[in-house]
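The values are calculated or read from the model by the stated rules, or taken from the named source; none is laboratory data. Since this is a predicted model, take the numbers as computed values, not measurements. Positions of Cβ are backbone-derived with ideal geometry, glycine not excepted, and every protein chain shown enters the neighbour counts.
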Amino acid sequence: MGQSRVSIPLIPTRIGHQIRVQTTQNAVSSSSHAWLDPSLRLNVPLVDVDKVRCVIRNIVRDWASEGKVERDQCYLPILEELEKWFPKRNKESPPCCLVPGAGLGRLALEISRLGFVCQGNEFSYYMMICSSFILNNTQSVGEWTIYPWIHSNCNSHSDEDQLRPVSIPDILPASAGITEGFSMCGGDFVEVYNDPGQEGRSLFFSYILVS
Ligand SMILES: C[S@@+](CC[C@H](N)C(=O)[O-])C[C@H]1O[C@@H](n2cnc3c(N)ncnc32)[C@H](O)[C@@H]1O
């Protein structure tokens, strides 16, 4: 496993669309304010905008130090349970674990660090694009700054609350000690694993967590 980059294979989704993330590097020059050009504006439906905002807020829990207390409450009981069920893990032949509805992938990463060959499964492109970005493109802890609450006045006592920056991630996935074989799989859980060849994994998930 490389030190600076984790290669997390994205198993092709069966939802039927290709993910194509276009970089704006060539099209947009911030110095010339070319990004104000109306022809570059996309007509993004409000429902999609809302989903993106929601994912940005969720990043705080999964990938920021500010989310640690909540992460511990949600994920530690699952990790402890895994420890209990698989106390003696063989490094040569580690047990496998599947996390359906893996969201932004932090639980799957923690399970992998524990010594399991872990696969996170998720069918939301919003989640998958974001987890792929953090897992595969991070070079250092706190490399990215987000403003998760900037779009909402809810629960803000002051402007500072709303404008508060959050650095992510709190951990460098590439050197977090993950077990070889860690992957994220895009697609509907029911379809992707509806194959007899997929037996033999433990199944742990935190699906009902309110995010
Ligand atoms: C309530 S969220 C919880 C996410 C994550 N486990 C967490 O704790 O933050 C449920 C997640 O399951 C995903 N999901 C729901 N049904 C799914 C399915 N059939 N196959 C794969 N993912 C699914 C959703 O997209 C969503 O990310």
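Among the residues of region 71-80, at least one is in contact with a helix residue (DSSP H, G or I) (Cβ under 9 Å, 6 or more places away or on another chain) and farther than 30 Å from Gln162 by Cα.
Please work out if Leu104 is touching a helix residue (DSSP H, G or I) at 6+ places or on another chain (Cβ under 8 Å) and surrounded by 18 or more Cβ atoms within 10 Å (Cβ to Cβ). Considered against the rule, which asks whether it is touching a helix residue (DSSP H, G or I) at 6+ places or on another chain (Cβ under 8 Å) and surrounded by 18 or more Cβ atoms within 10 Å (Cβ to Cβ), Leu104 comes out as yes. Within region 165-180, the only residue that satisfies the criterion of being touching a Phe, Trp or Tyr at 6+ places or on another chain (Cβ under 8 Å) and loosely packed, with under 15 Cβ neighbours inside 10 Å is Pro165. Taking the stated definitions as given, is Trp149 surrounded by fewer than 24 Cβ atoms within 10 Å (Cβ to Cβ) and in contact with a Leu (Cβ under 9 Å, 6 or more places away or on another chain)? Here the answer is yes, as Trp149 does meet what is asked. Taken together, Glu92, Glu70 contain a single residue that is of a type in the set (Asp, Glu), on the phi < 0 side of the Ramachandran plot, out of contact with any Pro (no Cβ under 9 Å at 6 or more places or on another chain) and loosely packed, with under 11 Cβ neighbours inside 10 Å, which is Glu92. Hey, could you check region 17-46 for residues that are of a type in the set (Ser, Thr, Tyr) and in a helix (DSSP H, G or I) and say which is modelled with the lowest pLDDT? The selected residue is Ser30. Pairing residues of region 177-190 that are more than 17 Å from Pro100 (Cβ to Cβ) and more than 9 Å from the ligand (Cβ to nearest atom) with residues that are at pLDDT below 90 and among the small types (Gly, Ala, Ser), at Cβ distances under 9 Å and at least 6 apart in sequence or on separate chains, gives no pairs at all.
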